[in-house]
Amino acid sequence: MDPNQKRAKAVDRVDSVDTGAASSESTRMCPFPDEVLERVLSLIGSHKDRSSVSLVCKDWYNAERWSRRHVFIGNCYSVSPEIVAARFPRIRSVTLKGKPRFSDFNLVPEDWGADVHPWLSVFSTAYPFLEELRLKRMAVSDESLEFLATNFQGFKALSLLSCDGFSTDGLKAIATNCKNLTELDVQENGIDDLGGHWLSCFPESLSSLEILNFASLNSELLLQAPQLMELGTGTFMQELVSGPVTELKNTFSNCKHLVTLSGLWDATPLYLPVIYPACARLTFLNLSYATLRSIELANLLTHSKSLRRLWLLDTVGDKGLEAVGSCCPLLEELRVFPADPFDQEIFLGVTESGFVSVSRGCPKLRYVLYFCRQMTNAAVATIAQNCPDFTHFRLCIMNPGQPDYLTKEPMDEAFGAIVKTCTKLQRLAVSGLLTDRTFEYIGKYAKNLETLSVAFAGSSDLGMEYVLGGCPKLRKLEIRDCPFGNAALLSGLTKYESMRSLWMSACNVTMNGCRELAKEKPRLNVEVMKDEGSDDSQAHKVYVYRTVAGPRRDAPPFVLTL
């Protein structure tokens, strides 16, 4: 494999954009006409497979280049918009991620970067036919949304997840100007909510709209498009009398295509029956804004036998999770969030009992995110045996360093059971009292692991070294408040160029360790975020990622690129 191929191979998906990455061995005539080859390659849906295909030879590289319609960019600083536009001239859909995930926990300053506007400026010239834009953890202004709405005439789908910087005025521009809109999904964002008047800016006929999700806004329910497949409401009800309740129930009955429902703020037992007519067809029910109790959830789930995905608040308690296990045999994904993460009453919320009940009744469970205040090794081992096909297992015991509350032992054997039993595991988040043994298990058994998140865990540098030395498919490693230092950081010298990113905060890493990493691996961006008043010798927050664009040009003063 020549150097250009190796360079592209080291960076997956569109992060590998490189206008010169084609095999010099491809001098022979391709047996297929370009049109045929492009047609064949257009049928490949996997980003990873397309990246691999582009490395076969020059003809395949060019065919993949011209046939590509969608790009996924896992880190907006791993490549520049100019490089993307030069590499792929016919893009119709872009997925773009910005800030590190730990920005969700306020560990990344607001003005860190990830502004979408430079991307939109390039795309307006390169991709005037852009139809879809999906952003996650990007900085998005009202001006950017207005620019988007007025510069892409055929624009159809906008999804914003965990973005910030805009208000409902920006959404007003989208609703007013995007006449062919099929999807508007604005959930979990830091939006300045100026009221629900923006909803009136949609055309009277919403014949094209299939997905509408504004569950993070305190706006009233909009349901004027019977062809909707996904709906996320804001405030569900306000002082409705029997007439409007009946009318709304009939409206839900007419939503023959609705498969996803979310939001439902302020939903009460009086109003929940309104959605019952649509529940039989639902495959995804997001109740992470609805403070339901166990009996309310149980009544709702008796009408929702087709659910594949379910998001809840822990107000449903273990009894509510027993209802999940009884009513949702097809469930593949469960997320349970804390209604009040700062409430220290240990007997509130959900426990290991509810989790075990779900695992018994939902053998198809593949993805779980579970916030709780107590857990045992035995319970997790039982859960792993009941659901051995987990691909995503994220257990958050909210009290840092919490042991098995019955035996007082570390939670090492719990996560050991997960990685030994669940051989398809791709994403893992660990919590509780953990020693280096947990990471030894991970390095030894988690051969398909791609993303690992660690907080308040580990005993020494060995823990991180086990992971970096033993997980061949690792792409993202996120660590905070762990006793890992320079030796652990530098143990990944041969690993980081095959990964997407490394985050370390509140660990024992120094500036010298980061400088050594940057010196040894000049193709990596090694960024250190300095906190005001922090020790100049310490690297309190470190973000390491591969890039083909070089050091970023918009780094704020507190971000040092080594």
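Here is the figure for the stretch 364-386: residues that are within 19 Å of residue 320 (Cβ to Cβ) and hydrophobic (A, V, I, L, M, F, W, C) total 8. Scanning the stretch 153-204 for residues that are open to solvent by 30 Å² or more (accessible area, probe 1.4 Å), closer than 28 Å to residue 113 by Cβ, modelled with pLDDT under 90 and assigned to a helix (DSSP H, G or I) yields no hits at all.
Identify the residue in the stretch 244-265 that is open to solvent by 80 Å² or more (accessible area, probe 1.4 Å) and part of a loop (DSSP other than H, G, I, E, B) and, among all such residues, is modelled with the highest pLDDT. My answer is 257.
Among the numbered conditions (1) surrounded by 19 or more Cβ atoms within 10 Å (Cβ to Cβ); (2) at pLDDT 85 or above; (3) over 19 Å from residue 154 (Cα atoms), the only one that residue 55 does not meet is (2). Take the conditions within 20 Å of residue 396 (Cα to Cα), touching a residue at least 24 places away in the same chain (Cβ under 8 Å) and not acidic (Asp, Glu) and apply them to residue 308. Does it pass? No; evaluated as a whole, the condition is false for this residue. Residue 535 falls short of the stated requirement of being modelled with pLDDT under 95, in contact with a His (Cβ under 9 Å, 6 or more places away or on another chain) and closer than 30 Å to residue 401 by Cβ. Summed over the stretch 328-343, residues that are in contact with a Ser or Thr (Cβ under 9 Å, 6 or more places away or on another chain), assigned to a loop (DSSP other than H, G, I, E, B) and modelled with pLDDT of 95 or more total 2.
When 377, 299 are screened for being of a type in the set (S, T, N, Q) and without any contact (Cβ under 8 Å) to a residue 40 or more places away in the chain, only 299 passes.
Please indicate, with yes or no, whether at least one residue in the stretch 138-145 is closer than 25 Å to residue 66 by Cα, at pLDDT 90 or above, over 16 Å from the mean Cα position of the chain (by Cα) and open to solvent by 40 Å² or more (accessible area, probe 1.4 Å). So far as the stretch 138-145 goes, no, none of its residues is closer than 25 Å to residue 66 by Cα, at pLDDT 90 or above, over 16 Å from the mean Cα position of the chain (by Cα) and open to solvent by 40 Å² or more (accessible area, probe 1.4 Å).
Could you please let me know if residue 382 is part of a loop (DSSP other than H, G, I, E, B), open to solvent by 50 Å² or more (accessible area, probe 1.4 Å) and among the β-branched types (Val, Ile, Thr)? In short, no. Taking the stretch 417-534 as the region of interest, the helices (runs of 4 or more DSSP H) fully inside it that hold 1 or more residues being within 22 Å of residue 113 (Cβ to Cβ) and not β-branched (Val, Ile, Thr) are 511-520.
Scanning the stretch 389-415 for residues that are in a loop (DSSP other than H, G, I, E, B) and β-branched (Val, Ile, Thr) gives 391, 407. Would you confirm, using the coordinates I've provided, whether residue 529 is closer than 21 Å to residue 106 by Cβ and either in contact (Cβ under 8 Å) with a residue 24 or more places away in the chain or in contact with a helix residue (DSSP H, G or I) (Cβ under 9 Å, 6 or more places away or on another chain) (or both)? Answer is yes for this residue.
Checking the stated criteria, residue 124 turns out not to satisfy the condition of being open to solvent by 20 Å² or more (accessible area, probe 1.4 Å), touching a residue at least 24 places away in the same chain (Cβ under 8 Å) and under 20 Å from residue 185 (Cβ atoms). State whether the residues of the stretch 67-76 include one that is over 17 Å from residue 117 (Cα atoms), modelled with pLDDT under 70 and open to solvent by less than 40 Å² (accessible area, probe 1.4 Å). No.
Table: residues versus (1) surrounded by fewer than 22 Cβ atoms within 10 Å (Cβ to Cβ); (2) closer than 25 Å to residue 110 by Cα; (3) among the β-branched types (Val, Ile, Thr).
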site	(1), (2), (3)
468	no, no, no
478	yes, yes, no
482	no, yes, no
497	yes, no, no
509	no, yes, yes
520	yes, no, no
523	yes, no, no
550	yes, yes, no
554	yes, yes, no
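Residues that are in contact with an Asp or Glu (Cβ under 6 Å, 6 or more places away or on another chain) and in contact (Cβ under 8 Å) with a residue 12 or more places away in the chain do not occur anywhere in the stretch 392-402. If you scan the stretch 394-416, which residues turn out to be touching a helix residue (DSSP H, G or I) at 6+ places or on another chain (Cβ under 9 Å), among the hydrophobic types (A, V, I, L, M, F, W, C) and surrounded by fewer than 21 Cβ atoms within 10 Å (Cβ to Cβ)? Within the stretch 394-416, just 406 meets the criteria. Cβ-Cβ below 9 Å, separation at least six or inter-chain, first residue in the stretch 193-204 and of a type in the set (Ser, Thr, Tyr), second open to solvent by less than 30 Å² (accessible area, probe 1.4 Å) and at pLDDT 80 or above: which pairs? Once the first residue is of a type in the set (Ser, Thr, Tyr) and sits in the stretch 193-204, its partners that are open to solvent by less than 30 Å² (accessible area, probe 1.4 Å) and at pLDDT 80 or above give 200/175. Confirm whether residue 111 is open to solvent by 30 Å² or more (accessible area, probe 1.4 Å) and closer than 20 Å to residue 503 by Cα. Spelling it out, residue 111 is indeed open to solvent by 30 Å² or more (accessible area, probe 1.4 Å) and closer than 20 Å to residue 503 by Cα. Filtering the stretch 421-450 to residues that are of a type in the set (Ser, Thr, Tyr), surrounded by fewer than 19 Cβ atoms within 10 Å (Cβ to Cβ) and either within 21 Å of the chain's Cα centre (by Cα) or closer than 25 Å to residue 399 by Cα (or both) leaves only 435.
Of all the residues in the stretch 68-109, those that are part of a helix (DSSP H, G or I) and within 16 Å of residue 548 (Cα to Cα) number 7.
The values are calculated or read from the model by the stated rules, or taken from the named source; none is laboratory data. Just so we're clear, the structure is a prediction, and the values are computed from it rather than from any experiment. So basically every Cβ, Gly included, is an ideal-geometry build from the backbone, and we count neighbours across all protein chains shown. Only protein heavy atoms, including side chains, enter the accessible area calculation; ligands, DNA and RNA are left aside. Shrake-Rupley method; radii C 1.70, N 1.55, O 1.52, S 1.80 Å.
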